[in-house]
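*Asks:* Let me give you the structure first, and then I'll get to my questions.
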Number of protein chains: 2
Amino acid sequence: MDIEKSLAALNNPVRRQILEWLKDRSNFPPALPGHEDLEGVCVGYIQEKAKLSQSTISNYMGLLKQAGFVRSERHGQWTFYRRDEENINAFLAAIQNELTKP
Amino acid sequence: MDIEKSLAALNNPVRRQILEWLKDRSNFPPALPGHEDLEGVCVGYIQEKAKLSQSTISNYMGLLKQAGFVRSERHGQWTFYRRDEENINAFLAAIQNELTKP
DNA sequence: TCCATAAATCGAGATATCTCGATATGCAGG
DNA sequence: CCTGCATATCGAGATATCTCGATTTATGGA
């Protein structure tokens with residue numbers, strides 16, 4: 001729970017938007033054939049929606065992952081990203097604790 | 001409640017530290033004579049503790065104020081800053097709402 | 001009115017972030 | 001193996017943030 005990294009990762013509107021999109025799998029095209037069971041979304045789908053370059057999105061997902069907001073799972077040539085609700089909640093608890101008076 | 005400005009303001013360890021210090025007036029030297037009733041802390045006291053230049057701290061306090069985390073009150077030649085608990089809580093509610101799944 | 005003090009603003013150099021296109025890596029199918 | 005696709009990494013230019021010292025503005029007191 002690195003609050004520094006977490007805040008840096010959140011300090012960008014597109015990265016926050018991606019986290020919101022990932023709340024609901026149906027914000028993206030249907031899962032690839034043979035991966036219907038997977039919760040995650042591949043980089044290409046995220047890129048398509050965000051309309052930024054592939055390298056930028058890959059970088060963004062790396063930052064979100066380092067901050068703990070997402071987990072990744074590689075399946076074949078694809079990397080599937082999904083939210084890490086536990087870490088997200090841990091961050092919220094930490095920032096709340098840091099900001100509020102006892 | 002500009003979440004963009006708020007996250008930018010929080011994206012700096014010294015600014016977060018200042019917000020923490022301001023939780024408790026006793027983190028600073030006693031109030032100036034004639035201002036004992038005031039909740040706030042003057043810029044000079046904050047600068048002393050943060051060990052950064054006067055202009056940097058003035059800038060920081062401006063950012064924290066723009067983000068809504070502090071209010072300022074001018075009394076004579078001093079500007080007294082104190083936390084705005086209401087806005088801080090509003091930010092926490094907003095970020096929680098943005099980050100958590102429904 | 002003049003001076004001293006507190007704070008805000010200005011201008012600038014150093015550093016970090018953003019974002020891209022190009023390249024490298026890893027994997028699947030023929 | 002060789003080719004093609006998905007993703008990651010690299011290098012770089014543009015832009016933003018950090019932080020300072022110098023200057024300006026506001027105020028209070030002699």
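The values are calculated or read from the model by the stated rules, or taken from the named source; none is laboratory data. As the structure is a prediction and not an experimental result, all values here were calculated from the model. All Cβ positions, even for glycine, are placed from backbone atoms using ideal geometry, and neighbour counts span all protein chains on display.
*Asks:* Can you tell me which residue within the range B:58-80, out of those that are touching a residue at least 24 places away in the same chain (Cβ under 8 Å) and out of contact with any strand residue (DSSP E or B) (no Cβ under 8 Å at 6 or more places or on another chain), is farthest from DNA strand D (Cβ to nearest atom)?
*Replies:* Of everything passing the filter in the range B:58-80, B:Gly68 is farthest from DNA strand D (Cβ to nearest atom).
*Asks:* Here is a follow-up. Of everything in the range A:44-87, what is among the small types (Gly, Ala, Ser), away from DNA strand C (no atom under 12 Å from the Cβ) and more than 23 Å from A:Gly34 (Cβ to Cβ)? Give them in sequence order.
*Replies:* A:Gly68
*Asks:* Still on this structure, I have one more. Taking the stated definitions as given, is A:Ile57 at pLDDT 95 or above, among the aliphatic types (A, V, I, L, M) and within 18 Å of A:Ser6 (Cα to Cα)?
*Replies:* Details: at pLDDT 95 or above: yes; among the aliphatic types (A, V, I, L, M): yes; within 18 Å of A:Ser6 (Cα to Cα): yes.
The answer is yes for A:Ile57.
*Asks:* Does the range B:3-11 contain any residue that is within 13 Å of the chain's Cα centre (by Cα), closer than 30 Å to A:Val70 by Cα and hydroxyl-bearing (Ser, Thr, Tyr)? Full working, then the answer.
*Replies:* Going residue by residue through the range B:3-11, those that are within 13 Å of the chain's Cα centre (by Cα) are B:6, B:9-10.
Next, only the ones that are closer than 30 Å to A:Val70 by Cα stay: B:6, B:9-10.
Checking which are hydroxyl-bearing (Ser, Thr, Tyr) leaves us with B:6.
Within the range B:3-11, one or more residues are within 13 Å of the chain's Cα centre (by Cα), closer than 30 Å to A:Val70 by Cα and hydroxyl-bearing (Ser, Thr, Tyr).
*Asks:* Something else about it: Tell me which of these B:Leu92 doesn't satisfy, since it passes every other one: (1) in a loop (DSSP other than H, G, I, E, B); (2) closer than 23 Å to A:Ile95 by Cα.
*Replies:* (1)
*Asks:* Residues of the range A:50-102 being basic (Lys, Arg), away from every other protein chain (no Cβ under 14 Å) and more than 15 Å from the chain's Cα centre (by Cα), which ones? Even if it seems obvious, please write down each step before you answer.
*Replies:* Of the residues in the range A:50-102, the ones basic (Lys, Arg) are A:51, A:65, A:71, A:74, A:82-83, A:101.
Within this subset, residues satisfying the condition of being away from every other protein chain (no Cβ under 14 Å) are A:51, A:65, A:71, A:74.
Answer for the range A:50-102, where residues must be basic (Lys, Arg), away from every other protein chain (no Cβ under 14 Å) and more than 15 Å from the chain's Cα centre (by Cα): just A:Lys51.
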